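Here the structure comes first, spelled out in structure tokens, and everything after it is commentary.
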Amino acid sequence: MTTILFSLLMAASNVVHAAGFEVSLDTGVMGTSDERWDKVQYNRSIPGAGLTVGTEVGQDISLLAGFHTGTVGSRVYTNGDEDADYVAWDESNFHIASTIDQYSMSARWRLNWLPRVTPTVTGSAIVAHGRLRMDEDIELEGSEVELKYVSVVPGASLGAGVEYTPLYLANKSVRINVAFEAGYTHFAPLNFKDRDSANDPMDIGKLGMNGAYMRWSIGTRF
Amino acid sequence: MMRALLPLFAIGCNPWPDLNETYLDAMWNTSIVTLDDGVYVNLEGSGQLVRVGTDDTWHVVDLDGAQPVRMEADAGKDRLLVHVTWPVCEDQSKGIKLVEDCPEAALSWETEMAIVDNGKRVAVAKVPGHLNAMTFTPDGNTAVAYLDDAQSIDNASGPLVDLSEILLVDLTNGDTSSISVGFMPRNVLFTRDGTRAVVMSRSTVVVVDLEERAIAIEYPLTLDADIEIDPSAAVLSPDDRYVMIAIEGTQDLYKLDLEVVSIDMEGLEGVPSDMATDHTFAQTIVVYGDRAQVDIITEHDFIERVSLEIDDPATDIAMSEGQAVLFNSSHMDVKDIIRVDLESKETVEYVAANPVQSLQLTPDGGYAVAILRPETEYGYGSSGLDQYQDNRWGLAVADMLNDNIVSLVLESAPVGLEVIEKEEGSFALLLLDGVDSLIQVNLAEPGNYEAIELPSAPAGIDASPDGGFTIAHVSALGQVSFLDPASGDIRTTSGFATSGMLTENTLPRRDQE
């Protein structure tokens with residue numbers, strides 16, 4: 001995955017020389033206050049990376065489409081024998097991970113303040129596709145416990161940031177930007193259900209994803 | 001510039017999980033209960049009760065927001081009796097929705113017993129949480145709940161706790177009747193017609209009329225209130241007329257007449273450790289933990305008994321038709337299993353390799369299967385093969401027809417043993433700690449066993465009413481296997497313990513408070 005992202009990153013500077021388009025590679029982290037994330041990852045932060053493309057639709061306004069994905073997870077140790085004098089943490093454990101894919105449509109307003117520094121405000125409508133996976137290694141091959149639950153929810157975000165242009169190319173028709181943005185994201189809670197093992201879907205629970213985010217990117221406008 | 005940005009990008013760009021570690025309490029309790037409609041599992045992690053069906057479907061039993069604490073099947077394995085608890089927050093503020101939102105001083109826990117039939121809560125009985133033991137009338141429709149001080153005492157809460165209380169619970173509708181029978185009731189017997197219960201407590205024995213739900217007779221075991229007399233074992237005579245009661249630390253046998261209300265005492269030669277009723281020949285068997293003797297009471301009206309001398313004391317009795325099998329589960333230096341022919345009054349002694357921890361008889365009484373515990377942890381006093389066997393768990397199979405015994409050495413401690421009879425003969429199904437196999441021992445040829453591969457290490461086994469077995473596995477996410485003992489087929493279902501694992505602790509029943 002890293003290899004792919006870096007290849008895209010390096011290719012970004014070779015995008016066609018035209019006007020009014022932009023491409024960026026983003027990475028960032030989103031926090032959440034939902035304590036249920038503790039069972040997935042104790043620090044309740046979800047890293048992510050992705051790609052954003054866009055075009056100018058008016059003066060200082062761009063319309064963007066983006067895809068971001070991030071995975072968090074842990075190795076979970078459970079105490080299987082409450083009466084035991086000590087906890088054999090290595091006896092019964094499993095892996096848990098959640099991958100959140102975000103598909104976004106955004107509007108970005110730019111304030112052309114300085115030649116190389118551009119403040120931005122971005123509002124986004126997002127669809128999040130969450131996957132919760134758990135697996136347990138059972139010694140007999142073919143009997144591994146593997147579980148996967150899926151949820152799709154809408155969300156929105158609003159953030160402000162700044163773009164810095166360290167480099168102009170092609171007679172200033174192409175800008176190489178680095179950018180930072182911070183804001184707040186609100187999603188409907190990811191609602192995971194087991195729909196395969198019961199006539200009535202069995203409720204696994206919810207993971208709320210409301211919190212501040214930070215994102216930094218490298219890209220180009222041309 | 002790019003060189004500076006690339007490491008920054010690489011640090012932030014981490015779409016894969018970190019190597020975090022999280023610690024959780026067990027998500028499910030491997031003490032499962034198998035009924036006709038499936039296996040019931042207490043999901044301690046999420047506070048849910050789940051039924052895992054034999055058709056590989058899962059179903060959460062609606063307990064109206066309560067969390068299961070412990071559960072058991074009724075006598076006929078028709079219904080599940082679930083002791084549950086739920087939080088009550090006296091602070092009715094609308095902003096309080098979760099348990100953790102409620103101020104500690106305003107939070108309390110209520111208890112009840114839910115009666116579950118075919119996956120649904122069909123009735124609720126107001127059973128206090130501290131009544132931690134139950135026994136059932138012969139027809140199975142009434143349970144007697146009482147406080148067994150040998151078990152852990154849960155949820156002894158509320159402004160008043162009556163430690164002399166028993167509770168009669170109608171299992172068809174959950175109606176309860178509380179009766180004070182004396183401090184610390186510890187043993188309940190039923191007459192075979194199901195009309196009366198005999199309850200032993202400290203210094204008192206009462207007979208409860210189960211139709212009237214009231215005390216019919218009360219027997220004080222002492223007239224001196226300063227003396228405490230604690231019954232240690234009790235049986236009803238074969239004709240249900242007398243109650244024979246052994247007293248802790250004394251050699252006295254109390255005989256309570258239920259027809260002509262009276263108490264007789266019989267002086268014995270030792271302190272009885274166990275008693276059993278033989279309905280075939282209308283006799284009562286008494287063994288002593290401190291005396292190498294077994295007594296057979298052949299006449300109960302005026303106590304006539306036959307005393308048989310044995311090599312070592314026995315502490316426990318297992319009964320089958322026409323015979324009693326005695327063993328000692330307390331003393332590390334006693335390895336005897338003794339068969340007593342209750343007709344001829346003859347004894348046969350079998351010597352196991354290690355001390356007996358527990359013993360089961362096949363339904364026809366042809367075999368006794370005993371779990372043997374390690375004799376010494378480090379094998380002091382023995383060497384070679386003796387030491388090898390002394391240090392390990394074992395399985396002894398005593399053939400009661402041919403009078404021989406075979407002691408086998410086990411790889412690890414047993415976690416489950418069931419004895420079954422099939423067309424081909426009698427078998428023991430054995431599960432060992434950490435061993436991914438079900439060991440099926442042919443009791444006619446104990447050395448010849450069959451290992452049925454399991455998906456993971458077992459944690460326990462439970463018999464199903466239909467003759468099958470359910471095996472709970474050591475699995476964090478939940479795993480049980482259904483065993484058909486006739487064919488040896490095993491079906492496994494996994495992952496049910498995740499139900500509700502990400503739900504919030506919502507305060508239930510707020511509208512009822």
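Bear in mind that the values in this text are calculations on the coordinates, not laboratory data. Since we're looking at a predicted model, the values are computed, not measured. Because the Cβ atoms are built from the backbone with ideal geometry, glycine has one as well, and the counts that use them run over all protein chains shown.
For segment A:14-78, averaging the sequence separation of C-alpha pairs within contact (under 8 Å, six or more residues apart) and dividing by the residue count gives a relative contact order of 32 percent. Extension gain for the segment B:Asp433 to B:Glu411, taken as residue separation times 0.36 nm less the Cα-Cα distance, is 7.1 nm to one decimal. Counting beta carbons within 10 Å around each of B:Val33, B:Val397 and listing the fewest first gives the order B:Val33, B:Val397. Dipole magnitude for chain B: about 1820 debye, using +1 per Lys or Arg Cβ and -1 per Asp or Glu Cβ, origin at the Cα centre. A simple spin-label model places the labels of A:Tyr184 and A:Leu114 2.9 nm from each other, with each point 7 Å out along Cα-to-Cβ.
Residues B:Arg186, B:Arg51, B:Arg510 in ascending order of nearby Cβ atoms (within 10 Å, fewest first): B:Arg510, B:Arg186, B:Arg51.
Placing unit charges on each Cβ (+1 for Lys and Arg, -1 for Asp and Glu) gives the protein assembly as shown a dipole about its Cα centre, and among B:Met501, B:Asn402, B:Ile227 the Cα reaching farthest toward its positive end belongs to B:Met501. For segment B:285-341, chymotrypsin sites (Phe, Trp or Tyr not before Pro) are listed when DSSP marks them as loop and at most 10 other Cβ atoms sit within 10 Å of their Cβ; the list is B:Phe302. For A:Asn171 and A:Ala107, the FRET efficiency from 1/(1 + (r/R0)^6), where r spans their Cβ atoms and R0 equals 35 Å, is about 0.75.
Computed about the Cα centre, the dipole magnitude for the protein assembly as shown is approximately 6560 debye when only Lys and Arg (+1) and Asp and Glu (-1) carry charge, each at its Cβ.
Counted residue by residue at 0.36 nm each, then reduced by the alpha carbon distance between them, the extension gain from B:Glu269 to B:Glu21 reaches 83.1 nm. With all pairs of separate Cα atoms included, the protein assembly as shown yields a Kirkwood hydrodynamic radius of 30.7 Å.
Just to confirm the number: angle between the C-alpha axis of helix B:2-12 and the first principal axis of chain B, 0 to 90 degrees, nearest 10? For B:2-12 against chain B, the angle is about 30 degrees.
Using only side-chain charges placed at the Cβ, +1 for Lys and Arg and -1 for Asp and Glu, the dipole size of segment B:407-513 relative to its Cα centre rounds to 380 debye. Of all aspartates and glutamates in the structure, the ones whose alpha carbon falls short of 13 Å from that of B:Lys126, not counting any fewer than 8 places away in one chain, are B:Glu110, B:Glu112, B:Asp170, B:Asp175. Over all Cα atoms in chain B, the spread is summed up by Rg and Dmax: 26.7, 106 Å. Hey, which aspartates and glutamates would be in cross-link range of A:Lys206, C-alpha to C-alpha under 16 Å, not counting anything within fewer than 8 residues on its own chain? Leaving aside aspartates and glutamates fewer than 8 places away in the same chain, those within reach of A:Lys206 are A:Asp34, A:Glu35, A:Asp38, A:Asp194, B:Glu504. Placing dummy labels 7 Å off each Cα toward the beta-carbon, the span from B:Asp62 to B:Glu321 is 4.7 nm. Roughly speaking, what % of Cα-Cα pairs in segment B:278-385 are separated by over 16 Å, rounded to a whole number? Counting every Cα pair in segment B:278-385, those more than 16 Å apart make up 59 percent. Each of A:Asp200 and B:Val261 was given a label point 7 Å from its Cα along the Cα-to-Cβ line. The distance between the two points is 5.2 nm. Here B:Lys120 and B:Glu423 are evaluated by their C-beta separation; at R0 = 35 Å the FRET efficiency comes out at 0.40. Net length available on complete extension from B:Glu299 to B:Arg241 is 19.7 nm, with 0.36 nm assigned per residue and the Cα-Cα distance removed. Across segment B:205-256, the volume of the C-alpha convex hull divided among the residues equals 93 Å³ per residue. The value of relative contact order for chain B, using C-alpha pairs under 8 Å at least six residues apart, is 9 percent.
Each of A:Trp109, B:Trp28, A:Trp37 has some number of other Cβ atoms within 10 Å of its Cβ, and from fewest to most they run A:Trp109, A:Trp37, B:Trp28. Estimated from the Cβ-Cβ distance and a Förster radius of 41 angstrom, the FRET efficiency linking B:Ser307 and B:Ile217 is about 0.85.
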